[in-house]
Amino acid sequence: MSTPTPATSAPPQVEKRTIDHIPEDERHGKGRDLFTVWFGSNIMLLTIITGALSTTVFGLPLWAGVIAVLVGNIVGGVVMALHAAQGPQMGVPQMLQTRAQFGSYGSLLVVVLVVFMYLGFFASNAVLGGKALAKVSGMPVNLSTFLIGCVSVVATMVGYKLIHGLAAFLSVVAGGALIVAFIWMVWVNGLPEHTFHSDGFSVAGFMATVSVAALWQIAYAPYVSDYTRYMPKDTGVRAAFWATYAGCVLGSTLPMLLGALVGAALPNSDTLDGMGTLTQGVTTGVFIVFAVGVAATNSMDLYCGSLSTITIGQNIFPGWQAGAVSRAITAVILFGIAMIPALFSADDFLANYANFLALLLCVLIPWTAVNLVDYYVLRHGEYDIPSLFERDGGVYGTFNWIAIACYFLGIAIQIPFLSTTIFTGFAAEAIDGVDISWLVGLAVICPLYYVLMRSKFQNIGDPVPELA
């Protein structure tokens with residue numbers, strides 16, 4: 001990955017590649033370059049809102065919210081960063097690589113769901129960015145939301161290098177705005193006396209916050225390797241893992257803690273209004289920076305959503321050689337789709353967002369379990385890249401029914417343990433509404449997929465490559 005582009009150098013050129021394999025002679029960058037991609041892109045309003053759920057929706061005291069946010073990010077970050085380490089080794093987008101586990105057509109199930117995930121996050125980001133920009137500019141919220149989305153579309157059209165440059169820029173600017181916000185809230189304007197109360201702790205609220213924070217990390221799993229696939233193959237698993245882990249966990253945890261603080265201080269206020277009150281004096285500057293951060297982060301969602309959509313299209317039309325124009329057209333179409341919920345669900349945003357996160361975790365966990373076991377335990381990163389582009393899946397076939405069965409079982413086994421505002425499973429009710437669904441999903445599917453896949457190799461008389 002490239003280092004930040006100096007201001008005097010030429011602007012980034014439009015990226016020509018989409019889902020095709022990145023040749024060795026086009027690889028560049030160091031593992032440490034990944035830090036800024038994930039640190040800068042996470043310092044934004046949606047991350048702050050996610051942290052605020054701990055002390056508003058889940059009702060935790062500040063001390064418990066802080067601990068839960070830390071635990072969730074630290075644990076979830078491990079799962080996320082293990083996916084990032086796959087990019088330099090394979091040189092292809094994460095969702096294309098999913099064909100190796102699920103088969104060329106079987107993978108469509110997961111890829112389609114992931115596209116909806118990108119659209120959901122894009123819409124959520126756009127709502128918050130639009131509200132923030134409207135507060136400081138006086139423009140209508142819908143117009144502000146649309147303009148922020150347009151910036152994201154342009155960045156997606158240019159591609160990889162520009163997105164990286166924006167994230168590097170935000171590492172400095174948004175990081176500075178975050179520090180200013182903390183200082184203004186705590187030491188300049190001061191916090192209400194009740195901010196540090198100790199009432200309201202519940203195990204259910206604590207685990208819900210842990211789950212939300214962990215999901216924030218795990219939600220990046222379907223596309224972290226999209227931003228490592230240009231790196232040299234000799235980058236190594238450790239370098240890619242730790243740079244991504246440190247950037248994403250630190251960049252997520254700090255704004256989430258800010259959100260938890262705002263929620264504890266003004267639990268009955270809209271989080272954006274509360275932050276505006278607590279940062280009075282620097283509100284305009286802070287909100288503008290965070291609104292720009294939304295546009296940059298949404299460009300990442302739109303970029304990876306475009307790659308995943310192109311992956312679906314290439315399944316249907318295997319001869320399609322998608323390039324920059326295809327990515328641009330796809331980005332515009334996805335932008336139009338995402339604008340629908342962004343413009344019509346803003347009023348019920350917080351409740352809708354919390355439920356969206358809980359359901360998203362349910363469908364992502366079995367995929368991440370299958371992918372990580374297959375990559376690290378079964379095949380040790382050794383894949384036949386040309387087969388990933390074959391309509392019949394090459395050596396991986398069209399459907400891997402073991403992976404598909406494990407995926408659906410993983411969803412089904414989590415449902416009794418789900419605890420949301422719209423549904424609570426019987427197992428969650430039995431433990432006072434504590435949501436441990438994602439832990440159950442990982443604990444069951446990881447060993448099950450390993451055992452079944454190993455048996456498959458042995459039953460057909462082939463060598464077991466993972467054990468050779």
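Where a number appears in this text, it was derived from the coordinates with a stated rule and is not lab data. For clarity, every value in this text was computed on a predicted model and none was experimentally measured. Cβ sites come from the backbone with ideal geometry, for glycine too, and all protein chains shown count toward neighbours.
List of remarks:
- Sites F399 and I337, calculated FRET efficiency, Cβ-Cβ separation with R0 35 Å, nearest 0.05: 0.80
- Shown here are the Rg and Dmax of the Cα trace of segment 231-386, at 20.1, 57 Å.
- Every Cα-Cα pair of segment 31-140 was included, and the share exceeding 18 Å stands at 68 percent.
- In this calculation the C-beta distance from F182 to V78 is compared with R0 = 30 Å, giving a FRET efficiency of 0.65.
- Potential lengthening between S387 and M139 on full extension [0.36 nm per residue; Cα-Cα distance subtracted]: 84.2 nm
- Judged by the mean number of other Cβ atoms found within 10 Å, the most tightly packed of the peptides 396-408, 206-218 leads the ranking 206-218, 396-408.
- Segment 177-274 - convex hull of alpha carbons, volume per residue in Å³: 146 Å³
- Based on C-alpha pairs under 8 angstrom that are at least 6 apart in sequence, segment 30-360 has a relative contact order of 43 percent.
- Label corresponding to volume of the Cα convex hull per residue in Å³ when calculated from the structure given, among (i) 164; (ii) 215; (iii) 132: (iii)
- With each label modelled as a point 7 angstrom along the Cα→C-beta vector, the A430-Q280 pair spans 5.2 nm.
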